[in-house]
Amino acid sequence: MLLVAILLAAYVAYGILEYRAHLRNLRAIPIRVHVNGTRGKSSVTRLIAAGLRAGGIRTVAKTTGSAARYIHPDGTEEPIPRAGPPNVREQLGIVRRARQEGARAIVMECMAVMPELQVVCEQRILRSTIGVITNARPDHLDVMGPTVRDVAIALSGTTPAGGVLFTSEHERQAVLAAAARERRAEFREVEPAAFGTDITSGFGHVEHADNIALSLAVCERLGVPRETALSGMRTAAPDVGALTIHRVREAGKEIEFVNGFAANDPESTAAIWRVIVPEGDRSRTVIGVVSMRADRHDRARQYGQMLGSDLKADRFILAGALTHPVLAGARRRGVPDEALIDMAGCSAEQIYAKILEFTEARSLVVGVGNIGGVGGELVGLVKARSRRA
């Protein structure tokens, strides 16, 4: 028993010393930006960091989404090594590295989903000076729900005490504004229209106006002129899950492949579909690739309800580890069996071969659902073939 007590006391003492060191690291970094939200967190984290770098502010960033990355002050990046599942404690090490690299600013994507852990990430780990909430969408309802308003309440847990909270959420902004008042933070709702119509031009990938406007608002608040920040953002490397378009020419056929896998909630997917897939275009075959993870039963059912209504295509290829809920939902919505191709467990090469088979002369292929697993593998395969086109 004595040995156990000694070990416990040593563990507690170590924890106290580690946290005191962490607080010293935080105090050495005067600008701390915490990015949260349902969609666009990784992109906004990268955009803000790029804008601050362009303005001469030595900045470190860390993303968590499709592939966690540590981004150095010179814009180079490296993957975050993990021996096991993600743990919010890794944020402590990121702050330590940022101080060691002499960063004046750190831009960190919130990596927590559980509401109480989101609060821990803000109040105990980052203690941000600027908070960013991109939006509140119907995702992770099993943890943050059951309603989208509950999601907004959970996300508001990263509101900075006495700081500034920026958001481009326009439907549930009242929830976020209330959290800002409670935390005595300034509240800023950002409208893309205020930044002009050309802010999305000049990017090498598809970037949403909301994300750019939100990032510009943060950079301007920190003293970086708009054009300077925007110039930096246009040259920044996109997140691996960014909406990208690849064109492949093979066997006398032309395939335009849109990587929308990272927009993995129904609302975001429907918005992308409306922009990417024009109504009544019969000049090419439209193919949807819906990839689902084994642990996302609710999301699979939601996507099944969208096929044939919000998502319209000539063919739907169902891929990944969980296709049955999508298939069942689509059939209930009246999608004919000949338009539904169940390729559960198939490789990216097999899926690509099926896309090529369904393409008569030209096709528009839109990948949605999840970037993990075969979704990401398919994107990599198409990207490699597009370079040879």
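Mind checking whether some residue in region 194-202 is in a loop (DSSP other than H, G, I, E, B), in contact with a Pro (Cβ under 8 Å, 6 or more places away or on another chain) and more than 21 Å from THR38 (Cα to Cα)? Can you show your working first?
Step one: filter region 194-202 for residues in a loop (DSSP other than H, G, I, E, B), giving 196-202.
Right, trim to in contact with a Pro (Cβ under 8 Å, 6 or more places away or on another chain) and you get 199.
From the residues that got through so far, the ones that are more than 21 Å from THR38 (Cα to Cα) too are 199.
Yes: region 194-202 contains one or more residues that are in a loop (DSSP other than H, G, I, E, B), in contact with a Pro (Cβ under 8 Å, 6 or more places away or on another chain) and more than 21 Å from THR38 (Cα to Cα).
Pick out the one residue from SER168, SER215, SER231 that is closer than 29 Å to VAL379 by Cα, modelled with pLDDT of 95 or more, assigned by TED's automatic domain parsing to the domain that holds VAL119 and in contact with a Pro (Cβ under 8 Å, 6 or more places away or on another chain). Talk me through it step by step, then tell me what you get.
Working: SER215 fails: in contact with a Pro (Cβ under 8 Å, 6 or more places away or on another chain); SER231 fails: in contact with a Pro (Cβ under 8 Å, 6 or more places away or on another chain).
Result: SER168 is the single residue among SER168, SER215, SER231 that is closer than 29 Å to VAL379 by Cα, modelled with pLDDT of 95 or more, assigned by TED's automatic domain parsing to the domain that holds VAL119 and in contact with a Pro (Cβ under 8 Å, 6 or more places away or on another chain).
Looking at (1) under 27 Å from the mean Cα position of the chain (by Cα); (2) modelled with pLDDT under 90; (3) more than 19 Å from THR244 (Cβ to Cβ), which is the one condition that is false for GLY304?
So the condition that GLY304 fails would be (2).
Based on this model, can you work out whether ARG331 counts as charged (D, E, K, R), without any contact (Cβ under 8 Å) to a residue 12 or more places away in the chain and surrounded by 15 or more Cβ atoms within 10 Å (Cβ to Cβ)?
On the way: charged (D, E, K, R): yes; without any contact (Cβ under 8 Å) to a residue 12 or more places away in the chain: yes; surrounded by 15 or more Cβ atoms within 10 Å (Cβ to Cβ): yes.
Yes, satisfied.
Are any residues in region 134-166 polar (S, T, N, Q) and within 18 Å of ALA112 (Cα to Cα), and if so, which ones?
First, pick out the residues of region 134-166 that are polar (S, T, N, Q): 134-135, 147, 156, 158-159.
The answer is THR134, ASN135, SER156, THR158, THR159.
Is it the case that region 357-375 has a residue that's part of a helix (DSSP H, G or I) and either modelled with pLDDT of 95 or more or not assigned by TED's automatic domain parsing to the domain that holds TRP273 (or both)? Let's see the steps before the verdict.
Step one: filter region 357-375 for residues part of a helix (DSSP H, G or I), giving 357-358, 374-375.
Add one more test, that the residue is either modelled with pLDDT of 95 or more or not assigned by TED's automatic domain parsing to the domain that holds TRP273 (or both), and what stays is 357-358.
Yes, there is a match, as at least one residue in region 357-375 is part of a helix (DSSP H, G or I) and either modelled with pLDDT of 95 or more or not assigned by TED's automatic domain parsing to the domain that holds TRP273 (or both).
Residues in region 240-254: is at least one on the phi > 0 side of the Ramachandran plot and assigned to a loop (DSSP other than H, G, I, E, B)?
Pass one, region 240-254, residues on the phi > 0 side of the Ramachandran plot: 251-252.
Still in the list and also assigned to a loop (DSSP other than H, G, I, E, B): 251-252.
The answer is yes; a qualifying residue exists.
Would you say SER347 is at pLDDT 95 or above, surrounded by fewer than 18 Cβ atoms within 10 Å (Cβ to Cβ) and not aliphatic (A, V, I, L, M)? Steps first, please.
Details: at pLDDT 95 or above: yes; surrounded by fewer than 18 Cβ atoms within 10 Å (Cβ to Cβ): yes; not aliphatic (A, V, I, L, M): yes.
Yes.
Which one of ALA237, ALA294 is over 26 Å from GLY204 (Cβ atoms) and small (Gly, Ala, Ser)?
Details: ALA237 fails: over 26 Å from GLY204 (Cβ atoms).
Answer to the check: ALA294.
Which ones in region 38-62 are at pLDDT 95 or above and closer than 25 Å to ALA263 by Cβ?
Kept after step one, since they are at pLDDT 95 or above, are these residues of region 38-62: 44-62.
Result: VAL44, THR45, ARG46, LEU47, ILE48, ALA49, ALA50, GLY51, ALA61, LYS62.
Residue check, LYS62 against (1) of a type outside the set (A, V, I, L, M); (2) part of a strand (DSSP E or B); (3) surrounded by fewer than 20 Cβ atoms within 10 Å (Cβ to Cβ), all met but one. Which one?
Only one criterion in (1) of a type outside the set (A, V, I, L, M); (2) part of a strand (DSSP E or B); (3) surrounded by fewer than 20 Cβ atoms within 10 Å (Cβ to Cβ) is unmet by LYS62, namely (3).
Scan region 23-45 residue by residue and report those that are among the polar types (S, T, N, Q) and in a loop (DSSP other than H, G, I, E, B). I'd like the intermediate steps shown before the answer.
First, pick out the residues of region 23-45 that are among the polar types (S, T, N, Q): 25, 36, 38, 42-43, 45.
The answer is THR38, and nothing else.
What helices (runs of 4 or more DSSP H) lie completely within region 67-161 and have 3 or more residues being free of Cβ contacts under 8 Å to residues at least 60 places away in the same chain and outside the structural domain of ALA300 (by TED's automatic domain parsing)?
On the way: elements: 90-100, 115-120, 141-144, 148-155.
The helices (runs of 4 or more DSSP H) meeting that bar are 90-100, 115-120, 148-155.
Which count do you get for residues in region 307-319 that are surrounded by 20 or more Cβ atoms within 10 Å (Cβ to Cβ) and modelled with pLDDT under 95?
Residues meeting the conditions: 4.
Restricting attention to region 3-17, does a residue exist that is at pLDDT 90 or above and either among the hydroxyl-bearing types (Ser, Thr, Tyr) or on the phi < 0 side of the Ramachandran plot (or both)? Break it down into steps so the answer makes sense when it comes.
Step one: filter region 3-17 for residues at pLDDT 90 or above, giving none.
No, there is no match, as no residue in region 3-17 is at pLDDT 90 or above and either among the hydroxyl-bearing types (Ser, Thr, Tyr) or on the phi < 0 side of the Ramachandran plot (or both).
Tell me, which residue of region 211-239 that is of a type in the set (Val, Ile, Thr) and part of a helix (DSSP H, G or I) is surrounded by the most Cβ atoms within 10 Å (Cβ to Cβ)? Explain how you work it out, then say what you get.
Here is the first cut: in region 211-239, the residues of a type in the set (Val, Ile, Thr) are 212, 218, 224, 228, 235.
Right, trim to part of a helix (DSSP H, G or I) and you get 212, 218, 228, 235.
Details: ILE212: 24, VAL218: 27, THR228: 17, THR235: 13.
Going through the qualifying residues, I end up with VAL218.
The values are calculated or read from the model by the stated rules, or taken from the named source; none is laboratory data. If you're wondering where the values come from, they're calculated on a predicted model, not measured in any experiment. All Cβ positions, even for glycine, are placed from backbone atoms using ideal geometry, and neighbour counts span all protein chains on display.
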